[in-house]
Amino acid sequence: MSSATEALITPFVGQTGGLLRALHALQAGVGYIDASAIPVIADVFNLTKAEVKGVVSFYSDFRRAPAGKHSIKICQAEACQAVGGRSLTDKALRALDLSFGETDSAGAVTIEPVYCLGLCASGPAAMVDGKLRGRLDPNLFADELVQLQKDGAK
Amino acid sequence: MKVYVPLDTAAVAVGADEVVEAIVAEAEARKVAVEIVRTGSRGMHWLEPLVEIERVGGARVAFGPVSVGDVKALFEADFASDHALAHGDPAEIPYLKGQDRQTFARCGIIDPLSFGAYCKSGGLAGLKRAASIGAVETIDEVMTSGLRGRGGAAFPSGIKWRTVAGAEAEQKYIVCNADEGDSGTFSDRMILEGDPFLLIEGMVIAGLAVGATKGFIYLRSEYPVAQRVLGQALEIAQREGLLGADAGGSGCAFDIELFMGAGAYICGEETSLLESLEGKRGQVRAKPPLPALEGLHGKPTLVHNVISLCAVPSVLANGGSWYHDFGVGRSTGTMPFQLAGNVKCGGLVEVAFGLSLHDLIYKFGGGTRSGKPVKAVQVGGPLGAYIPPSKFDMMMDYETFGKIGAGVGHGGIVVFDEDADLAQQAKYAFDFCAEESCGKCTPCRIGSVRGSEVMAKIISGSDVTENIELLTDLCEVMEDGSLCAMGGMTPVPVLSALKYFPEDFRAVKEGK
Ligand SMILES: Cc1cc2nc3c(=O)[nH]c(=O)nc-3n(C[C@H](O)[C@H](O)[C@H](O)COP(=O)(O)O)c2cc1C
Ligand code: SF4
Ligand code: FES
């Protein structure tokens, strides 16, 4: 773990904002920031463990546990609320039987809130596995997510 | 056959990539040669994916919204101008014709990653002029233009440029704020995806004027398409010499690095952004010192919103007084407003300041998407006021909005129909603040959580009068005791909702 972590983060030492860049790279490589990576990062960046933890916890992008195979983020902000974002959210959560921030037991999907995807004239909007989606129909979207959950559990 | 399809997020999110695949497949089956050009978006988001066909002679005809299922029929009809999805010459569509596209002049028309197309359509004229008149006169032009920051605070740009230029330091920075966190806004995203060289040119001019050789673009991570397009544009700009030791032939060195945020709204606030750019928690710094004097790494830093920097090339190319002639009073120039939420014709409307809210919502927006009456609009993002229809004759400029304690912000207008519950919206304002507070001051960190609890009580109908009093007191504490506008302006949506929609706060009691 530690040498793989080191290899991913070391290129960013000394750069402006190096720690954030390193955390992005680590998450892209490993999928999340494991607790065991904190002392390694602290060491490489010459920071205290508390400082590193503080940064990781400040930003909602950084996960501290592995996510499901599929990542779902649903926009919660005002422009999407105005076109049924709340119903989109409720139906999706109910269909998956999850709350925001949760991953299902099979590790198939993780569902999270997001605040605006710049699709405010094309709402309600969501992001599925990094792909942006607009003008979503709550029922069709819920069906699609259930299918994703089934496929992901295989 | 030449076909233009946007690569803009608003097009891709409703199937533009799949439409491109279908066009390529259908053309192949018919043995028709097609050249696909991916452009930015014209900003008519209800028509996306908007497909444009170039006729012999170069005239374009637009079709939209095109779905994969429409492609075959469009080929069968030979893309006839009387097809049900046809809109004729896109430039003649009233939504576009009624605008004053200056900053967005190229967006949706050219291939955003063609440096040649950028130069041929007027690109680099601003930089050339800036290089020939020099730093002092360049700043004078920005002063004369009356340009004010488009990120939200509307501070006069020229004054900021002068401050950074006057600071003595061996290193200065230009930082572009592309964190665009406000709900209802997407103008930064559109220009980053549709005309990225414009931003690069604006930043090079700013660097030349204030004596900075290094720029950073702080981009939010929720914008993957912008990240890809901008990343490619920066590489091309390097290769073409727009960036580098003699940036764009200006005689000055300038380089830009792209930096990705990590999902924190507060990092749009400039000092929080600088902390984040230094790799730390995005905690707001006390001002003074101003970032213009002690910004990134403690060095003089010009922080500007994307749209402010994108206005600069045309200010320089045409002169500050040309720009100043657009708009009203101290709200000079054009503003890319964004019509969002429950609106029929949502998208980007760049006009000179001075249009009424009514014209934007109805003349451009066409009313609600649901067809129900408009109940309220929120102007200027999550910290902006909720405004009732009785106020829609208000002019959209900084002074008019300032008078009612509201702001134009980044130009987002979110429309709500009669199904909206403004008490719920007030509660959301607190929830959002609680979620996104940087945690530095108590009124913001704790007050927002308290505010949400109080709103929950009001919504459930318990001790409504007492709780509304509590709510007003709490808002006062947040306004007075918060270090930045996150805590300081969360009361704006709350109190405007209470002021203009009091019945929503008493819905339960009145048995509705
Ligand atoms: C809570 C908060 C969030 C902000 N978010 C943004 C943002 O996303 N983009 C932006 O350009 N400015 C944002 N601002 C304004 C910036 O602090 C700053 O005024 C701006 O970047 C300066 O650039 P300008 O003069 O070009 O507007 C925000 C301010 C606050 C208080
Ligand atoms: S008002 Fe809120 S966001 Fe702003 S500095 Fe204070 S705690 Fe941070
Ligand atoms: S509010 Fe949902 S995409 Fe902007």
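Only one of the listed residues (B:GLU453, B:GLU466) is under 19 Å from B:GLU435 (Cα atoms) and open to solvent by 60 Å² or more (accessible area, probe 1.4 Å). That residue is B:GLU453. On inspection, B:ASP8 passes the criterion of being within 14 Å of another protein chain (Cβ to nearest Cβ) and open to solvent by less than 60 Å² (accessible area, probe 1.4 Å).
The set of residues in region B:342-358 that are within 9 Å of chain A (Cβ to nearest Cβ) and surrounded by fewer than 23 Cβ atoms within 10 Å (Cβ to Cβ) contains only B:CYS345.
If you check B:GLY451, B:GLY461, B:GLY488 for being more than 24 Å from B:ILE387 (Cβ to Cβ) and not hydrophobic (A, V, I, L, M, F, W, C), only one passes: B:GLY461. For region B:381-427, a tally of residues being within 11 Å of another protein chain (Cβ to nearest Cβ), part of a loop (DSSP other than H, G, I, E, B) and within 23 Å of the chain's Cα centre (by Cα) returns 1. With the requirement that a residue be at the interface with another protein chain (Cβ under 7 Å from one of its Cβ atoms) and free of Cβ contacts under 8 Å to residues at least 40 places away in the same chain, what does region A:97-134 give you? If the condition is that a residue be at the interface with another protein chain (Cβ under 7 Å from one of its Cβ atoms) and free of Cβ contacts under 8 Å to residues at least 40 places away in the same chain, then A:GLY118, A:SER122, A:LEU132, A:ARG133, A:GLY134 are the ones that fit.
Evaluate the following for B:ILE159: is it open to solvent by 10 Å² or more (accessible area, probe 1.4 Å), in contact with a Phe, Trp or Tyr (Cβ under 7 Å, 6 or more places away or on another chain) and part of a helix (DSSP H, G or I)? When the stated conditions are applied, B:ILE159 does not pass them.
With respect to the conditions (1) buried (at least 24 other Cβ atoms within 10 Å of the Cβ); (2) farther than 29 Å from B:GLY40 by Cβ, B:VAL408 lacks only one, and its number is (2). Selection of region B:225-251 for residues being more than 26 Å from B:LYS160 (Cα to Cα), free of Cβ contacts under 8 Å to residues at least 60 places away in the same chain and not small (Gly, Ala, Ser) yields B:GLN227, B:ARG228, B:GLU235, B:GLN238, B:ARG239.
Among residues that are within 14 Å of chain A (Cβ to nearest Cβ) and either open to solvent by 10 Å² or more (accessible area, probe 1.4 Å) or within 16 Å of ligand 2 (Cβ to nearest atom) (or both), B:GLY367 is not included.
Within region B:295-302, identify whether any single residue is within 14 Å of chain A (Cβ to nearest Cβ), open to solvent by 10 Å² or more (accessible area, probe 1.4 Å) and within 16 Å of ligand 2 (Cβ to nearest atom), and answer yes or no. Break it down into steps so the answer makes sense when it comes.
Residues of region B:295-302 within 14 Å of chain A (Cβ to nearest Cβ): B:295-299, B:301.
Checking which are open to solvent by 10 Å² or more (accessible area, probe 1.4 Å) leaves us with B:297-299.
Add one more test, that the residue is within 16 Å of ligand 2 (Cβ to nearest atom), and what stays is none.
Looking for residues that are within 14 Å of chain A (Cβ to nearest Cβ), open to solvent by 10 Å² or more (accessible area, probe 1.4 Å) and within 16 Å of ligand 2 (Cβ to nearest atom), one finds none in region B:295-302, hence no.
Looking at region A:83-104, is at least one residue among the polar types (S, T, N, Q), closer than 18 Å to A:ILE33 by Cβ, outside the structural domain of A:HIS24 (by TED's automatic domain parsing) and more than 16 Å from ligand 3 (Cβ to nearest atom)? Yes: region A:83-104 contains one or more residues that are among the polar types (S, T, N, Q), closer than 18 Å to A:ILE33 by Cβ, outside the structural domain of A:HIS24 (by TED's automatic domain parsing) and more than 16 Å from ligand 3 (Cβ to nearest atom).
Going by the conditions given, is B:LEU309 under 25 Å from the mean Cα position of the chain (by Cα) and within 16 Å of ligand 2 (Cβ to nearest atom)? Spell out the reasoning first.
Working: under 25 Å from the mean Cα position of the chain (by Cα): yes; within 16 Å of ligand 2 (Cβ to nearest atom): no.
Judged against the criteria, B:LEU309 is not a match.
Restricting region B:162-178 to residues that are within 14 Å of ligand 1 (Cβ to nearest atom) and open to solvent by 10 Å² or more (accessible area, probe 1.4 Å) leaves a set whose member that is nearest to B:GLY108 (Cα to Cα) is B:ASN177. Evaluate region B:141-148: report whether one residue or more is open to solvent by 40 Å² or more (accessible area, probe 1.4 Å) and within 12 Å of ligand 1 (Cβ to nearest atom). Checked against the condition, which is being open to solvent by 40 Å² or more (accessible area, probe 1.4 Å) and within 12 Å of ligand 1 (Cβ to nearest atom), region B:141-148 yields no hits at all. Restricting region B:428-444 to residues that are part of a helix (DSSP H, G or I) and within 14 Å of ligand 1 (Cβ to nearest atom), the residue that is surrounded by the fewest Cβ atoms within 10 Å (Cβ to Cβ) is B:GLU435. Given the criteria over 30 Å from A:PRO113 (Cβ atoms) and not in a helix (DSSP H, G or I), does B:ALA292 qualify? Yes. With a requirement of 3 or more residues that are over 20 Å from the mean Cα position of the chain (by Cα), the helices (runs of 4 or more DSSP H) lying completely within region A:1-46 that satisfy it span A:2-9, A:37-45. When A:VAL52 is tested against (1) away from chain B (no Cβ under 11 Å); (2) of a type outside the set (Gly, Ala, Ser); (3) not in a loop (DSSP other than H, G, I, E, B), only condition (1) is not met. Sort out which residues of region B:238-279 are part of a helix (DSSP H, G or I) and either open to solvent by less than 10 Å² (accessible area, probe 1.4 Å) or aromatic (Phe, Trp, Tyr) (or both), and write them in order of number. Within region B:238-279, B:ALA247, B:TYR265, B:ILE266, B:CYS267, B:THR271, B:SER272, B:LEU273, B:LEU274, B:SER276, B:LEU277 meet the criteria.
The values are calculated or read from the model by the stated rules, or taken from the named source; none is laboratory data. Because the structure is predicted, anything quoted here is derived from the model rather than measured. Positions of Cβ are generated from backbone atoms using ideal geometry, with glycine treated the same way; all protein chains shown enter the neighbour counts. Each accessible area value is taken on the protein alone, full model and side chains, heavy atoms only, with ligands, DNA and RNA left out. Shrake-Rupley method; radii C 1.70, N 1.55, O 1.52, S 1.80 Å.
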